[in-house]
Structure formats: structure tokens, C-alpha cells
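Report on one structure; see the data block that follows.
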Amino acid sequence: LKLQFLYLIGTRALPISPMRRTLRCACRAVLPRIEMGAPAAERQAAVAAALGNEGFLVYDVADAAAAAAAGEMLRVGRAFLSGPEEAKQAVRGTEAGSRGYYEYEAHTTAGGSGDRIECFSMGRDVASPKEAWALRAAYVEPFMGGMMRSDPILNRRIRAAHSAVNRWPAEAPEVKGAALAWWAQCERIAGGIMEDVACALGEPRDALTKHHAQRDWNLEVKSYPQLQEAVHTERVKEHVDLTTVTLLIQDQPDGLEIWDRVAAQWVPVDNGASCGAGSLAVLVNAGRFLELWTAGRFPATPHRARWSAEMQTLPPKKIASRSR
């Protein structure tokens, strides 16, 4: 099971003046580990170095409340996604990426079938589609406003796609409480990382967080089924995240690989993201928006997920939580 938190841009403004120098260093298979409780100046420099060089880091959070929230989200998410099909279909989203439950077929290099990844997605808990649209109109309309005004049908579709509200399963009321609690912890952790990045750049502490005031970010709980093919399979194609930063927690490795820009090869990552008693290890990666905002100082590192025959011994379900 994977928990993914997507910390998203809330405005078109670039809060940091583009920097002229860029960092392009090799990614390492063993990622930097940084303690959230480290002295501020030391932590800020370490976060900036890790995101600037590798694009990824493991953030050690010695916080009982955060660890408890992550553990409960993993437990509840696993139960929901492995539970009755009727409960999932009752909150089915209209398309991949929308609020609620959906599934999508993974991309495979071997042409295998049956690799369907399940997901439950939620965001800021607003009461109506009108409120949801108000969160997103400021950055949807500048890009799509012309098309929306010239095509009434497309206008309705775009507004509907960006007006989704959370769909909570009535048969599993514990999902809402667990998701909101973990979402709040991710908001706090991601905000702290953004403050460290700003300070490391010599900017005011709120230089980045003030441009995320809409709090329009996503939390996704994903379950990857076990594959039976004894071949090396690309489950998720190479990509960078369209986020500022992404936080990841999972209860089993998923074949994550990152691109080593110097060696020009894929490197498998034992990311160390985990949840234990009173502590939490969160995998953090820079997204495309952070790269653009800092003119490449913090590059969004390409990554993918692959499944090999050696991973068949893992449990058939895993949950990931992601936030942006």
C-alpha cells in the first residue's frame, strides 16, 4: 500500500527570482536521510543539497502523532481497498485522477495484463463543487480560459473536472477520519520542507508556502496487485511529478528507480520510506513546479516503478500515500 501526498502550486506567480546557476549531480542509490529535528541551519542546507543533487531525500520524522496518523491511514486504506467491491464502486470517481475510488491499468513493457492499480483520492475537504472550483479557477482559467469561452461543451467538462469534491465511503466511515488526519500531517511536513528550501535560497521563510495558500493538494492511497509474470515489467512509466514536492509512505518496496543523470542509467532505490512506533521515514521528491520556480536549482528527477520476478514474494497488496 502506498500513501502519496501531492503538494501543489496554488498560483501562477513565481515567488523566487529565477537563479542562473543549476546543479546537475549524479543520483545515488542510497538517498540522503535528514532528520526533521536537526538544527535549522544544518537541516536547511541538507534539504537544499539533497533536492538539488538527487532530487529525492528520506525525511526522518520523530513525531508520534504523525507516525500514528500514517499507520492508521495505511491500516484503513488497506482494509478499504481490499474490502467489498460494492463499497468502492459507491464512491467511484468519474475518471482517473478524480476524487474517490478509481483504477487504472499500469503500463508494461512485457505487454502483460491484469496489472490494475487501485486508488482512493481525496483533497481539501470543501462542501460544494462551487467551492472546489474557486480553489482552482485562478490557475485553470489562465491556461484554458480561451478554450472554455469559445466552446460551451468543453467549458462544462473542464469546470466539472476541476470542481470535484471528496467522495467518502458511507460503509467505511473511518476512511474520512484517517485521511483527513494524515492529510493534515502531510500539510505540516511539506510546509516545513518548503520553508527550509526558501531559507536555503536566502528568501523569506514563507516565500513558497504563501503561494500555496489555497491548500489545494491531493492525497492518494494506492494498491498495487502482485504480478505473476516471471519477467521484468515496467509498472509505471518514466515521469516527473507535476507537483512542488511529493511525499511518499509505503509498506513494501515497489521497484522504484531514479535516473542517474551523470551515469545515464536507471538506479534502483531502497527508499527506506516506512512507518514505525513513534517515528516515520518519508520519501520526498522535487516536482516539476519546484524545478521551474528555481530555474533548475532543484530538478524534478525522472523516476519509474518496475516489477521483477524477485518481488513475487511480497504480499499481494501494498498501500502508498502521496501528497502534493
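The values are calculated or read from the model by the stated rules, or taken from the named source; none is laboratory data. Since the structure is predicted, the reported quantities are computational estimates derived from the model, not experimental observations. Cβ sites come from the backbone with ideal geometry, for glycine too, and all protein chains shown count toward neighbours. We work out accessible area using only protein heavy atoms, side chains counted, and drop any ligands, DNA or RNA first. Shrake-Rupley method; radii C 1.70, N 1.55, O 1.52, S 1.80 Å.
Of everything listed in (1) at pLDDT below 90; (2) touching a Ser or Thr at 6+ places or on another chain (Cβ under 7 Å); (3) open to solvent by less than 10 Å² (accessible area, probe 1.4 Å), the single unmet condition for Ala110 is (3). Across the range 51-98, the number of residues qualifying as part of a helix (DSSP H, G or I), among the hydrophobic types (A, V, I, L, M, F, W, C) and free of Cβ contacts under 8 Å to residues at least 24 places away in the same chain comes to 1. For beta carbons closer than 6 Å, sequence separation of 6+ or different chains, a first residue in the range 167-188 that is assigned to a helix (DSSP H, G or I) and a second that is among the polar types (S, T, N, Q) and open to solvent by less than 30 Å² (accessible area, probe 1.4 Å), the qualifying pairs are Cys186/Ser323. For the structure I just gave you, tell me whether Leu219 is outside any loop (DSSP other than H, G, I, E, B), open to solvent by less than 30 Å² (accessible area, probe 1.4 Å), within 30 Å of Glu86 (Cα to Cα) and not small (Gly, Ala, Ser). Taking the combined requirement at face value, the residue satisfies it.
Take the residues of the range 113-127 that are modelled with pLDDT of 85 or more and open to solvent by 60 Å² or more (accessible area, probe 1.4 Å): which is nearest to Arg215 (Cα to Cα)?
Step one: filter the range 113-127 for residues modelled with pLDDT of 85 or more, giving 118-127.
Cutting the leftovers down to open to solvent by 60 Å² or more (accessible area, probe 1.4 Å) gives us 124-125, 127.
Values: Arg124: 7, Asp125: 10, Ala127: 15 Å.
By that ranking, first place goes to Arg124.
Scan the range 224-235 and tell me whether some residue there is modelled with pLDDT of 75 or more, surrounded by 16 or more Cβ atoms within 10 Å (Cβ to Cβ) and over 19 Å from Tyr104 (Cα atoms). Checked against the condition, which is being modelled with pLDDT of 75 or more, surrounded by 16 or more Cβ atoms within 10 Å (Cβ to Cβ) and over 19 Å from Tyr104 (Cα atoms), the range 224-235 yields no hits at all. Take the conditions (1) more than 10 Å from His303 (Cα to Cα); (2) at pLDDT 80 or above; His239 misses just one of them, which is (1). Of the listed requirements (1) part of a strand (DSSP E or B); (2) at positive phi, Glu234 misses just one: (2). The single condition among (1) at pLDDT below 50; (2) among the basic types (Lys, Arg); (3) open to solvent by less than 20 Å² (accessible area, probe 1.4 Å) that Arg20 does not meet is (3).
Each residue in the range 189-216 was checked for being out of contact with any Phe, Trp or Tyr (no Cβ under 8 Å at 6 or more places or on another chain) and outside any helix (DSSP H, G or I), and 11 pass. Residues that are at pLDDT 90 or above and either open to solvent by 40 Å² or more (accessible area, probe 1.4 Å) or of a type in the set (Asp, Glu) (or both) within the range 23-36 comprise Glu35, Met36, listed in sequence order.
Conditions (1) modelled with pLDDT of 90 or more; (2) more than 22 Å from Val47 (Cβ to Cβ); (3) open to solvent by less than 10 Å² (accessible area, probe 1.4 Å); (4) among the hydroxyl-bearing types (Ser, Thr, Tyr), marked per residue:
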| site | (1), (2), (3), (4) |
| --- | --- |
| Pro129 | no, yes, no, no |
| Ser150 | no, yes, no, yes |
| Leu154 | no, yes, no, no |
| Asn166 | yes, yes, no, no |
| Ala184 | yes, no, no, no |
| Val197 | yes, no, yes, no |
| Arg205 | yes, no, no, no |
| Leu208 | yes, no, yes, no |
